[in-house]
Amino acid sequence: MIDIVKYIKSSIDAIVSFKVEDLMDEYRSKKNENAATDYETLLQKEEASIRQHISYEHQLKIEYEKMLDKYEIIELENKLLLYQIVSIKNYINVIYIGKTKRRI
């Protein structure tokens with residue numbers, strides 16, 4: 001799961017990098033006097049997009065932690081069940097050995 005989060009983060013970083021490059025190309029291609037204002041608007045939009053991606057990443061981390069907690073609980077329950085199975089098997093063996101001794 002940690003690898004998934006790292007992969008998502010690197011993907012977001014790559015997307016942001018490509019977006020910034022696209023913004024720079026778009027800025028350079030504009031020839032009108034409002035290019036700086038347009039660039040600032042685009043930059044603000046991209047900053048909002050980045051904040052949204054960060055929010056998604058944070059939500060993914062929270063979900064990962066929830067899943068990890070559930071996994072740990074299931075592991076503990078599994079260990080408890082295995083212990084109970086071994087205890088029941090031992091109890092059955094004790095009863096079975098006791099019955100076979102009485103027959104002899």
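The values are calculated or read from the model by the stated rules, or taken from the named source; none is laboratory data. Every value quoted in this text rests on a predicted model; they were computed, and no experiment measured them. Backbone-built Cβ (ideal geometry, glycine too); neighbour counts: all protein chains shown.
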Among the residues that make up segment 37-52, is at least one of them surrounded by 12 or more Cβ atoms within 10 Å (Cβ to Cβ), under 30 Å from residue 4 (Cβ atoms), at pLDDT 75 or above and hydroxyl-bearing (Ser, Thr, Tyr)? yes
Starting from segment 38-53, take each residue that is within 23 Å of residue 10 (Cα to Cα) and list its partners that are part of a helix (DSSP H, G or I) and of a type outside the set (Asp, Glu), counting only C-beta distances under 6 angstrom and pairs at least six apart or across chains. 42/23; 46/19; 50/16; 53/12
